[in-house]
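J.: This structure is in structure tokens; I'll ask about it shortly.
Taken together, the values in this text are just the output of simple stated rules run on the coordinates, not laboratory data. Keep in mind it's a predicted model, so treat the numbers as computed, not measured. Every residue, glycine as well, gets a Cβ built from its backbone with ideal geometry; the counts of neighbours run over all protein chains shown.
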Amino acid sequence: MTAVRADLEEVFRGAYPRVVGVAARVLGSRDEAEDVAQEVFLTFGRSAVPAGEALRWLSVAAAHTALNHLRSGRRRVSREEAARDHGAVAPDVADAVVVLDERRRVRAALARLPRRQAMALVLRHSGLSYAEVAAALDLSPGSVGTTVRRAESALREELTRHAPSD
């Protein structure tokens, strides 16, 4: 059995909110994001990733793992509906249904993007700087903006291509 790294608790306390935040952006569910965070920290706990690279590594791992969950179909619509049911009652049921449907469409489109584009989009919109995204994806900092813009354009195309017919 592999030993658990000594700095795991310290790294966990500092990075957990970001790891959950990245995963939640992809999955749209805090419960599922926490499941992803658990997987990511279990892997990190047995890794030899240098402490100075932990936050970057964990952010990328969270995005990868969340995208894998999204692409594998392990997400359950009932979980999202259950999460909604535990929240505040929407003032207009029609608006709530439209919002949920749009979120599902965006997540499905995100899952169809090339992995590098999806990762750049998720990491940048999760609050990582251009430098952090560049380091995480092994890109030059100058190309992050272009990669993100291309990903946003590809996402819009996917949404248009798979738009529901009225």
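J.: Quick one: net charge of PRO17's neighbours, Cβ under 13 Å, K/R +1, D/E -1?
T.: On the way: positive: ARG13, ARG18, ARG25, ARG30; negative: GLU34.
Neighbourhood net charge equals +3.
J.: In the neighborhood of GLY52, defined by Cβ-to-Cβ distances under 14 Å, what is the net charge if each Lys or Arg adds +1 and each Asp or Glu adds -1?
T.: Values: positive: ARG5, ARG56; negative: ASP7, GLU10, GLU53, GLU132.
Result for the local shell: -2.
J.: Continuing with the same structure: For an R0 of 45 angstrom, estimate the FRET efficiency from the Cβ-Cβ distance between GLU53 and VAL93 and round to the nearest 0.05. It would help to have the intermediate numbers written out before the result.
T.: Working: r = 46 Å, r/R0 = 1.03.
The pair GLU53/VAL93 has a calculated efficiency of 0.45.
J.: Also: Between beta-carbons, use under 11 Å as the cut-off and find the net charge around LEU123, counting Lys and Arg +1, Asp and Glu -1.
T.: Every neighbour counted, the sum reads +4.
J.: Read phi for every residue in segment 149-161 and hand back ³J(HN,Hα) as whole Hz from Karplus 6.51 cos²θ - 1.76 cosθ + 1.60, θ = phi - 60°, with x for Gly and Pro.
T.: Those phi angles translate into 4, 5, 5, 4, 5, 5, 5, 4, 4, 4, 5, 5, 4 Hz.
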